[in-house]
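Peer 1: Below: one structure in structure tokens.
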Amino acid sequence: MILDKNGKIGGKVSIIDIGVILIVLIVIIGIFARFGNSMTAAVKSNEKFEYTVKVTGVREYTIDALNKKGKITDKNSKMDLGEITDVEIVPTEFQSTTATGEIVLTDLPERYTCYVTIVATGKESDDSYIMDDSSELSVGRTIDIISKYVRTSGEIMSVKVVE
């Protein structure tokens, strides 16, 4: 028989040791399969992106700070993540119910929605846009806007490569 009285194969390696080694190998293969292929597929460096972020429910002082434009950085102000080039402002609307039960859209007083256009450089792969801080730019993702004048966040509405 292959197993001895202590449960070891050939007196040296136990079945538990083999099981642990197999689990570690499966995990390594899984990590490689998940993350190994997508980042290496046709990555173009130093592409210039223009993306629009929708920031909702802000007050006038945030609009003033966004209109000063300026560079966007990461949380530690160490990486340049782009520059604000344009800010469009519209009133913020919300749904309210009338006394008769009808749902209507009304403007939220002293609150605005801003569409902030940011130009940045990064990498483009077959299926994503990647910023210099390794964050992915994709429509629907929430992103922080941190500059010398403002700190807010919003939802990415569009992303495109510019020449």
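Peer 1: Which of LYS12, LYS75, LYS48 moves the most in a Gaussian network model of the chain with Cα springs under 10 Å?
Peer 2: LYS12
Peer 1: Next question, about the same structure. What percent does the relative contact order of the chain come to when contacts are Cα pairs within less than 8 Å and at least six residues apart?
Peer 2: After rounding, I find 28 percent.
Peer 1: Of [x] 57, 46, 42; [y] 68, 36, 27; [z] 82, 50, 29, which one was derived for Cα extents along the principal axes in Å from the structure shown?
Peer 2: Among [x] 57, 46, 42; [y] 68, 36, 27; [z] 82, 50, 29, the one calculated here is [z].
Peer 1: Okay, next question. Per DSSP helix of 4 or more residues, -39500 (n - 2.57); summed, then divided by the residues of the chain. What does that give at 222 nm, rounded to the nearest 500?
Peer 2: It comes out at -5000 deg cm²/dmol, rounded to the nearest 500.
Peer 1: Right, next: To the nearest 10 degrees, how steeply does helix 15-31 sit against the main Cα axis of the chain, on a 0 to 90 scale?
Peer 2: 30
Peer 1: Taking the Cα-to-Cβ direction at SER45 and at ILE31 and moving 7 Å from each Cα, how far apart do the two end points lie in nm?
Peer 2: Between SER45 and ILE31, the simple spin-label model gives 2.5 nm.
Peer 1: Would you mind telling me the share, in percent, of accessible area of the range 8-163 contributed by carbon and sulfur at probe 1.4 angstrom? Spell out each step's value before the answer.
Peer 2: Numbers: 5590 of 10310 Å².
Ligands and nucleic acids excluded, carbon and sulfur reach 54 percent.
Peer 1: What net charge do the residues around VAL162 carry, taking every other residue with its C-beta under 11 Å from that of VAL162, with Lys and Arg at +1 and Asp and Glu at -1? Don't skip to the answer; put the middle values down first.
Peer 2: Numbers: positive: LYS48, LYS160; negative: GLU47, GLU50, GLU163.
Local charge sum for VAL162: -1.
Peer 1: Which lysines have a Cα lying under 20 Å from the Cα of LYS48, excluding residues fewer than 8 positions away in the same chain?
Peer 2: Within the straight-line cut-off, LYS48 pairs with LYS69, LYS71, LYS78, LYS123, LYS160.
Peer 1: Hey, got the dipole for the chain? About the Cα centre, +1 on K and R Cβ, -1 on D and E Cβ, debye to the nearest 20?
Peer 2: 860
Peer 1: Can you compute the modelled spin-label distance between LYS68 and ILE15, with each label point 7 Å from Cα toward Cβ, in nm?
Peer 2: 6.9
Peer 1: A further question follows. Could you please report the charge total around SER96, scoring K, R as +1 and D, E as -1 over all other residues with beta-carbon less than 13 angstrom from its beta-carbon?
Peer 2: Charge balance near SER96 sits at -3.
Peer 1: Sequence gap at least 6, Cα distance under 8 Å: using those rules, report the relative contact order of the range 77-140 to the nearest whole percent. Don't skip to the answer; put the middle values down first.
Peer 2: Details: 89 pairs, mean separation 21.0, N = 64.
Once normalised by length, the contact order is 33 percent.
Peer 1: Okay, next question. Where is the GNM fluctuation largest for the chain (alpha-carbon springs, 10 angstrom cutoff): GLU50, GLU93, GLU124?
Peer 2: It is GLU93.
Peer 1: Given a Förster distance of 22 angstrom, what is the FRET efficiency for MET79 paired with VAL139, based on the Cβ-Cβ distance and rounded to 0.05? Could the numbers behind the result be given before it?
Peer 2: Numbers: r = 22 Å, r/R0 = 1.02.
Plugging the Cβ-Cβ distance into 1/(1 + (r/R0)^6) gives 0.45.
Peer 1: Springs between alpha-carbon atoms under 10 Å, Gaussian network over the chain: tell me which of LYS123, LYS78, LYS148 tops the mean-square fluctuations.
Peer 2: Of LYS123, LYS78, LYS148, the most mobile in the Gaussian network model is LYS78.
Peer 1: Grab the beta carbon distance between ALA99 and MET157, set R0 = 45 Å, and tell me the FRET efficiency rounded to 0.05.
Peer 2: 0.80
Peer 1: I'd like to check one number: the per residue accessible area of the range 106-163, probe 1.4 Å, reported in Å² as a whole number. Provide the component values of the computation, followed by the final result.
Peer 2: Details: 3230 Å² over 58 residues.
Result: 56 Å² of accessible area for each residue.
The values are calculated or read from the model by the stated rules, or taken from the named source; none is laboratory data. Computed from a predicted model, the values in this text were never measured in an experiment. Because the Cβ atoms are built from the backbone with ideal geometry, glycine has one as well, and the counts that use them run over all protein chains shown. For the accessible areas, the whole protein counts, side chains as well, though only heavy atoms, and no ligand, DNA or RNA atoms are used. Shrake-Rupley method; radii C 1.70, N 1.55, O 1.52, S 1.80 Å.
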